[in-house]
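Peer 1: I am attaching a structure below and will ask some questions about it afterwards.
The values are calculated or read from the model by the stated rules, or taken from the named source; none is laboratory data. Not measured: the values here are computed from a predicted model. So basically every Cβ, Gly included, is an ideal-geometry build from the backbone, and we count neighbours across all protein chains shown.
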Amino acid sequence: MSEPDPTADTAHECLGVSPDAPPEEVKLAAARAKSQFNPDNYTEAEKRAARDRFHVVRAAEDALLADGEFPPERVSPPSAEALTVQAARDQITPGASVTVAVRVDDTPADEGVVRAGGVTAPIRNGRATLTPAPTNAGTEQTETATEPPDEVTLTATVGGATATTTVTVAPNLVVEPAETTVTAGDTLSVRVTDDRENPVDGHVKTPEGRASLTDGETRVTLAVPGEQTLTAVAGDRTGTATVTVTPQSGAIGLALGQTTVRVGEPLRVAVRRQSDGRLVAHATVESADGRSWAATDGRVRIRPTEPGQLRLTARRETAGTVTTTDSRTVTVVPSSVELAVSAPETVGTNEQFDVTVRESTGDPAAAVQVAARRDGETVAETVTDDRGQARLAVTRPGAYTLRASDDRPQTEVLPATRELTVVADASALAVEVVDPPTATSRRCRVVVRDEWGRRVPGATVSVAGRAGDGVETTTDESGTTTDERGSATVTVGDGRRELTVVHPTDHRTQTTLTVGEDSD
């Protein structure tokens, strides 16, 4: 690998590599050459030549790695029409910086300068940032000039071509508080205008926050004693004023939103001056057990975590003087959750049935105990899962009460109950032959019902020849399923047949011998 030569006739010679050099060697040589001829490494006088060499090196790299053209067209100085300059902002305040974008034929310029009066900034990657010096409008820059101009002209120069743009210099805002001395916590009126006394829209910032300007006016509350700064902002323009805030004086009191709350519920607390009832800023509310809450604007919300008596006081410290209030007591009762339980009204003995428990909010009640009780005795119990669901079965018939309950710390859980009837002989199924077979058709339609007369969909019906009397059992049909109305149609053979029905969920069975006739 030899030294790069941007004046060479071939791309390989330009980068200083052999014609059979692999792509890795080409990339390495191109990177070295671009670093060597980077225009940023040269003075303003040398930049044009460096930029041309850099352009040739990049073209050689493209030719070897991406089938580009070499030698490239020589870069000529930009024309005045090809050069554009644009400021990032149309308006600035006195002493503010402005960033300018400079492009040549829509490509960021990588050389040249931008001037504003006597201030010059180099162009880097198509941008230049400078702070225009204070000048008098319509006059040349002088060392004694202090008044800002109405406009500043920004001139970009690249390779002998120039382009200009202008930005407006807006004066700072005038901030006029109604009073220069206020008491902490008082409300203060503020007016903001421009240099021609025209009201402006924007906002005023204080240590406590910001307040919007409407027709140049707003009201703010200053709570911290001392010298406080009001800052007005309207677009790019700003203005400030200083207000002296004196500490509040006199006795203070503690006001409670309620005297009884539940655990976790918000308790509204306000600290006010007893003389006029105004809120006391930057006070502290404290409990008898050592906890404290900052009432920055004189108000705070407290969420008690334990039931019992919560005793509160408030204190305020200004200029080394501490003022406290009499204590106030709040009764904190456990939080309340009401349960709701849903289950079938009637089930059979030993039948598994579903129970769902939810809280009054509609959320599932997990880990809740569900019990079936009769005459004060628990005969079956279970616990709900994360979905608030459980399964239960009762072995004896009778009237029961389902009870859902939970013992939670710091929470009062209101139990839920539901009446439950358990009937005997829950294993019986009834099979009714609706359309018996005939001499011309051996098709037979049956309906399956449970012990309460409800139709059973999904039951399995099988038909077989009756075993006995030396006759071998034969199967006519097996696995027919009842439809949504508990009905099924099966084929039966000659002679007396047995119909066997299997329940779809608990696999109870029932056999009937009412189909067909004995053969001779």
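Peer 1: Select from region 310-325 the residues that are outside any strand (DSSP E or B), out of contact with any strand residue (DSSP E or B) (no Cβ under 9 Å at 6 or more places or on another chain) and not aliphatic (A, V, I, L, M) and list them in ascending order.
Peer 2: G320 - this is the single residue of region 310-325 that is outside any strand (DSSP E or B), out of contact with any strand residue (DSSP E or B) (no Cβ under 9 Å at 6 or more places or on another chain) and not aliphatic (A, V, I, L, M).
Peer 1: Now for a different question. Within region 344-387, work out how many residues are at pLDDT below 90 and either assigned to a strand (DSSP E or B) or in contact with a Pro (Cβ under 8 Å, 6 or more places away or on another chain) (or both).
Peer 2: Number of matching residues: 5.
Peer 1: OK, next. I want to confirm something. Restricting to region 284-320 and keeping residues that are aliphatic (A, V, I, L, M) and within 33 Å of the chain's Cα centre (by Cα), which single residue is nearest to T331 (Cα to Cα)? Show your work before the answer.
Peer 2: The initial filter retains those residues of region 284-320 that are aliphatic (A, V, I, L, M), namely 285, 288, 294-295, 300, 302, 310, 312, 314, 319.
Narrowing further to those that are within 33 Å of the chain's Cα centre (by Cα): 285, 294-295, 300, 302.
On the way: V285: 17, A294: 21, A295: 21, V300: 18, I302: 13 Å.
Checked region 284-320; the qualifying residue nearest to T331 (Cα to Cα) is I302.
Peer 1: If you don't mind, another one. Search region 166-188 for residues that are closer than 29 Å to V85 by Cβ and pair each with any residue that is surrounded by fewer than 16 Cβ atoms within 10 Å (Cβ to Cβ) and β-branched (V, I, T) when their beta-carbon atoms are under 6 Å apart and the residues are at least 6 apart or on different chains.
Peer 2: Matching pairs, first to second residue: T166/T153.
Peer 1: Criterion first (surrounded by fewer than 15 Cβ atoms within 10 Å (Cβ to Cβ), polar (S, T, N, Q), assigned to a strand (DSSP E or B) and at pLDDT 80 or above) does T417 satisfy it?
Peer 2: Values: surrounded by fewer than 15 Cβ atoms within 10 Å (Cβ to Cβ): yes; polar (S, T, N, Q): yes; assigned to a strand (DSSP E or B): yes; at pLDDT 80 or above: yes.
In short, yes.
Peer 1: Which of (1) farther than 19 Å from E412 by Cβ; (2) under 41 Å from the mean Cα position of the chain (by Cα) is the odd one out, the single condition E359 does not satisfy?
Peer 2: The number of the failed condition is (1).
Peer 1: Give the residues of region 115-136 that are at pLDDT 80 or above, over 45 Å from the mean Cα position of the chain (by Cα) and crowded, with 18+ Cβ neighbours inside 10 Å, sorted by residue number.
Peer 2: Our first condition is that a residue be at pLDDT 80 or above; within region 115-136, this holds for 115-116, 118-132.
With the extra rule that they be over 45 Å from the mean Cα position of the chain (by Cα), the set shrinks to 115-116, 118-120.
R115, A116 - these are the residues of region 115-136 that are at pLDDT 80 or above, over 45 Å from the mean Cα position of the chain (by Cα) and crowded, with 18+ Cβ neighbours inside 10 Å.
Peer 1: Turning to a different aspect of this structure: Given A380, A365, A439, which one is of a type in the set (G, A, S), in contact with a Gly (Cβ under 6 Å, 6 or more places away or on another chain) and farther than 27 Å from A459 by Cα? Outline the logic, then answer.
Peer 2: On the way: A380 fails: in contact with a Gly (Cβ under 6 Å, 6 or more places away or on another chain); A439 fails: in contact with a Gly (Cβ under 6 Å, 6 or more places away or on another chain).
On inspection, the qualifying residue turns out to be A365.
Peer 1: Here's something else I'd like to know. For region 13-31, which positions are among the polar types (S, T, N, Q) and within 16 Å of A66 (Cα to Cα)?
Peer 2: none
Peer 1: Name the pairs: first residue in region 329-341 and more than 11 Å from T259 (Cβ to Cβ) and not assigned by TED's automatic domain parsing to the domain that holds L267, second residue modelled with pLDDT of 90 or more and surrounded by fewer than 16 Cβ atoms within 10 Å (Cβ to Cβ), Cβ to Cβ under 9 Å, at least 6 apart or on different chains?
Peer 2: Short answer, once both residue conditions are applied: V341/T417.
Peer 1: Return the residues of region 1-44 that are of a type in the set (G, A, S), under 55 Å from the mean Cα position of the chain (by Cα) and not in a helix (DSSP H, G or I); say none if nothing qualifies.
Peer 2: Answer for region 1-44, where residues must be of a type in the set (G, A, S), under 55 Å from the mean Cα position of the chain (by Cα) and not in a helix (DSSP H, G or I): just A21.
Peer 1: Could you tell me how many of the residues in region 188-200 are surrounded by fewer than 14 Cβ atoms within 10 Å (Cβ to Cβ) and over 18 Å from T242 (Cα atoms)?
Peer 2: Residues in region 188-200 being surrounded by fewer than 14 Cβ atoms within 10 Å (Cβ to Cβ) and over 18 Å from T242 (Cα atoms): 4 in total.
Peer 1: Return yes when E338 is surrounded by fewer than 16 Cβ atoms within 10 Å (Cβ to Cβ), in contact with a Leu (Cβ under 6 Å, 6 or more places away or on another chain) and not polar (S, T, N, Q) and no when it is not.
Peer 2: yes
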